[in-house]
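What follows is one structure encoded as structure tokens, with my remarks underneath.
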Amino acid sequence: MPAAAYAGKECVCQFKRGICDQTCVKDMLETPFYIACLKLKGRKCLVVGGGALGLEKTEGLLACDGDVTVIAPEVGPELEQLAAEGSITWERREYGGAADLEGVFMVIACTDDTDVNIKIYDDAEARAMLVNIVDVPPLCNFILPALVRMGPLAIAISTAGASPALAKRMKREVAELFGDEYATLAIMLNDARGWAKGTLPTYQDRKAFFESIVNGEPDPIALLRAGDSAAVLDLIAAAQRTHAPA
Ligand SMILES: C[C@@]1(CC(=O)O)C2=NC(=C\c3[nH]c(c(CCC(=O)O)c3CC(=O)O)Cc3[nH]c(c(CC(=O)O)c3CCC(=O)O)/C=C3\N/C(=C\2)[C@@H](CCC(=O)O)[C@]3(C)CC(=O)O)/[C@H]1CCC(=O)O
Ligand SMILES: NC(=O)c1ccc[n+]([C@@H]2O[C@H](COP(=O)([O-])OP(=O)(O)OC[C@H]3O[C@@H](n4cnc5c(N)ncnc54)[C@H](O)[C@@H]3O)[C@@H](O)[C@H]2O)c1
């Protein structure tokens, strides 16, 4: 349904109950989102709500070594299992207000109670901390992209909320375009970073070294596609000989 079709209808976004003025639909596309990669290891991440969405968000945070606490009176069996094995902390209760955000880096909320979701957003915003109320754009100060992960590579696709379904389709297409060979090459180049930093004196020298391999002939990606990782190691060794100071 085009945005204009919402005007004057009852709002479906769980936030603005009552008559829709389309503000949040327009706001999203006018928001220039700043894309970043966050380090979660050792940081407290709070998930409020323990249904299907609470589980999905918890798994995403655990995959990045977040220190996850779930607050919810009821959770599904998978979250219960994660709590039993000590992978997360489950506080079996309702959200208790701003005190629950003490020391928390990021909160993701997916309760089925709109008033609670709004309160969590307001409490988090008052502390200038990261908050995402799942699927409710006006209650997010960050949104989650669709993700393709391969080893150290992560390709994030955002449509600024215009179409999560399209982001999901693009994820499949991007995964076909960039296969494992890109992750393998990234790891091989990472292995050469210590040498480059210890041997090549300037930023410009190091840039020229890495670009000569990544964009060189023969193409390292084509070699890896052909299963010839030894040839890529030879390429790297040759570039080291060419670029090392005399
Ligand atoms: C990418 C992904 C990541 C993730 O969730 O981790 C994600 N949504 C996913 C799936 C998905 N979400 C929805 C559908 C149904 C089809 C459709 O609507 O298109 C599907 C598809 C499915 O479920 O298969 C419905 C939906 N989502 C939002 C609204 C609100 C609105 O439109 O007002 C509604 C309508 C609710 C309703 O109608 O009631 C809002 C948001 N969803 C976002 C992220 C953020 C913007 C991302 C971007 O920049 O594009 C944002 C703004 C906030 C946020 O939640 O962070 C994940 C991909 C999973 C994957 O990677 O496989
Ligand atoms: N599951 C989906 O695919 C999906 C998709 C889009 C939107 N939604 C909506 O998102 C919300 C969450 O989805 P779900 O499937 O995970 O829901 P769910 O109903 O299975 O889970 C809701 C969770 O919130 C908890 N909760 C309720 N009040 C709370 C409070 N005061 N404090 C802390 N926790 C509280 C409940 O105990 C439960 O664990 C729902 O409103 C749902 O309609 C769900």
Exercise. If you check residue 119 against the conditions, is it under 30 Å from residue 222 (Cα atoms), of a type in the set (Lys, Arg), open to solvent by 50 Å² or more (accessible area, probe 1.4 Å) and touching a residue at least 24 places away in the same chain (Cβ under 8 Å)?
Worked result: no
Exercise. List, please: which pairs have Cβ atoms under 9 Å, are six or more places apart or on different chains, and start with a residue in region 88-108 that is over 19 Å from residue 63 (Cβ atoms) and end with one that is within 14 Å of ligand 2 (Cβ to nearest atom) and of a type in the set (S, T, N, Q)?
Worked result: 91/69; 94/111; 95/111; 100/69
For this session: Only residues that are within 6 Å of ligand 1 (Cβ to nearest atom) and in a strand (DSSP E or B): list them for region 148-183, please.
Result: none
Problem set entry | Of the criteria (1) open to solvent by 30 Å² or more (accessible area, probe 1.4 Å); (2) away from ligand 1 (no atom under 16 Å from the Cβ), which one residue 59 fails | (2)
For this session: For region 133-150, indicate whether the set of residues that are more than 30 Å from residue 97 (Cβ to Cβ), free of Cβ contacts under 8 Å to residues at least 40 places away in the same chain and within 16 Å of ligand 2 (Cβ to nearest atom) is non-empty.
Result: yes
Seminar exercise, completed: Per the list (1) within 23 Å of residue 117 (Cα to Cα); (2) acidic (Asp, Glu); (3) in contact (Cβ under 8 Å) with a residue 24 or more places away in the chain, residue check on residue 56 breaks on (3)
Exercise. Of 187, 108, 221, which residue is surrounded by 17 or more Cβ atoms within 10 Å (Cβ to Cβ) and of a type in the set (Val, Ile, Thr)?
Worked result: 108
For this session: Output the number of the condition that residue 142 fails; it satisfies all remaining conditions of (1) within 30 Å of residue 240 (Cβ to Cβ); (2) assigned to a loop (DSSP other than H, G, I, E, B).
Result: (1)
Exercise. Taking region 78-130, which residues are of a type in the set (Gly, Ala, Ser) and either within 14 Å of residue 48 (Cβ to Cβ) or in a helix (DSSP H, G or I) (or both)?
Worked result: 83, 84, 96, 97, 98, 99, 109, 124, 126
Exercise. Within the group 54, 103, which residue is open to solvent by 30 Å² or more (accessible area, probe 1.4 Å), more than 30 Å from residue 191 (Cβ to Cβ) and among the small types (Gly, Ala, Ser)?
Worked result: 103
Exercise. Looking at (1) part of a helix (DSSP H, G or I); (2) closer than 27 Å to residue 32 by Cα, which is the only condition residue 231 fails?
Worked result: (2)
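The values are calculated or read from the model by the stated rules, or taken from the named source; none is laboratory data. Keep in mind that what you see is a predicted model, and the values were worked out from it rather than measured. We place every Cβ from the backbone using ideal geometry, glycine too, and count neighbours over all the protein chains shown. We work out accessible area using only protein heavy atoms, side chains counted, and drop any ligands, DNA or RNA first. Shrake-Rupley method; radii C 1.70, N 1.55, O 1.52, S 1.80 Å.
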